[in-house]
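I have a structure here, written as structure tokens, and I will follow up with some questions on it.
The values are calculated or read from the model by the stated rules, or taken from the named source; none is laboratory data. The structure presented is a predicted model; accordingly, all values stated were derived computationally and were not measured. Here the Cβ is made from the backbone with ideal geometry for all residues, glycine too, and neighbour counts use every protein chain on show.
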Amino acid sequence: MFLIGAVLIGLVLGYLRGGRVAHLAQLRLRSLWLVGIALAIQLAIFPLFRADPLLPYATSFFHLLSYGLALVFLVLNYRAFPFLGIGLGALLNLLTITVNGGYMPSSPAALIRAGHYSVAARLLEEGVYGNVILMSGETQLNFLGDILFLPRWIPLSTAFSIGDLVLALSLIWLVAWGMGLDSE
């Protein structure tokens, strides 16, 4: 959901710069289907609006596989400079998730500040919820975990990582820049 907000901000900035959504087609993205498969995998293991996964087996493996597919897509499309930032954000997240057994460490305090009280409570009770694991002294690279947050009064508020922030800012840049391609 966090990245949906980034796309919307990119669209607004693109329009303010005089760009058009149709210009995004000029990005000529290679193997976009990889992103579709990665998203389908993520939705199967971490479905929206549902506590239990549709695919309850090998969650860590499939989570890492989805990131791997996304990174292959980014490598194939490196020629657009914003993709370097998207790749950096994805790599930071992948590194953190990998060293934590396929889950992103998440701060209950950040979740509470973002208004996700029930997620924070469940995480404190069970230790794992969806794609996150309770941040503790036992989790690694906590500074790259979900420690940042958007306050609950902001639409699509959530807790997020430095990797997510880099990814979102780069996605905003990609969309706004791509909308103006024809005018450059």
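For VAL119, are the conditions met, namely being over 13 Å from the mean Cα position of the chain (by Cα) and either in a helix (DSSP H, G or I) or at pLDDT 95 or above (or both)?
Values: over 13 Å from the mean Cα position of the chain (by Cα): yes; either in a helix (DSSP H, G or I) or at pLDDT 95 or above (or both): yes.
Answer is yes for this residue.
Taking segment 81-101 as the region of interest, how many residues are outside any helix (DSSP H, G or I) and crowded, with 18+ Cβ neighbours inside 10 Å?
If we filter segment 81-101 for residues that are outside any helix (DSSP H, G or I), which is where we start, we get 81, 100-101.
When the remaining residues are screened for being crowded, with 18+ Cβ neighbours inside 10 Å, the result is 100.
Selection size over segment 81-101: 1.
Since VAL12 meets every condition but one in (1) within 16 Å of the chain's Cα centre (by Cα); (2) closer than 18 Å to LEU167 by Cα; (3) surrounded by fewer than 19 Cβ atoms within 10 Å (Cβ to Cβ), which condition does it not meet?
Against the list (1) within 16 Å of the chain's Cα centre (by Cα); (2) closer than 18 Å to LEU167 by Cα; (3) surrounded by fewer than 19 Cβ atoms within 10 Å (Cβ to Cβ), VAL12 comes up short only on (1).
Here's another thing I want to ask about it. Name the single residue that is surrounded by the fewest Cβ atoms within 10 Å (Cβ to Cβ) among those in segment 143-184 being of a type in the set (Asp, Glu) and more than 22 Å from LEU74 (Cβ to Cβ). Talk me through it step by step, then tell me what you get.
Step one: of segment 143-184, the residues of a type in the set (Asp, Glu) are 146, 164, 182, 184.
Now drop any that are not more than 22 Å from LEU74 (Cβ to Cβ), which leaves 182, 184.
Working: ASP182: 13, GLU184: 8.
For segment 143-184, the residue satisfying everything is GLU184.
Going through LEU156, LEU144, LEU134 one at a time, which residue ends up being at positive phi and not charged (D, E, K, R)?
On the way: LEU144 fails: at positive phi; LEU134 fails: at positive phi.
Within the list LEU156, LEU144, LEU134, the selection yields LEU156.
Condition check: assigned to a helix (DSSP H, G or I), closer than 16 Å to LEU171 by Cβ, in contact (Cβ under 8 Å) with a residue 12 or more places away in the chain and small (Gly, Ala, Ser). Does ALA44 satisfy that?
On the way: assigned to a helix (DSSP H, G or I): yes; closer than 16 Å to LEU171 by Cβ: no; in contact (Cβ under 8 Å) with a residue 12 or more places away in the chain: yes; small (Gly, Ala, Ser): yes.
The answer is no for ALA44.
Next question, about the same structure. Those residues that are surrounded by fewer than 17 Cβ atoms within 10 Å (Cβ to Cβ), at pLDDT below 95, over 13 Å from ASN77 (Cα atoms) and hydrophobic (A, V, I, L, M, F, W, C), I need them from segment 17-38; list them, please.
Answer for segment 17-38, where residues must be surrounded by fewer than 17 Cβ atoms within 10 Å (Cβ to Cβ), at pLDDT below 95, over 13 Å from ASN77 (Cα atoms) and hydrophobic (A, V, I, L, M, F, W, C): VAL21, ALA22, ALA25.
I would also like to ask the following. Count, please, the residues in segment 129-148 that happen to be touching a residue at least 40 places away in the same chain (Cβ under 8 Å) and either out of contact with any Leu (no Cβ under 7 Å at 6 or more places or on another chain) or in a loop (DSSP other than H, G, I, E, B) (or both).
7
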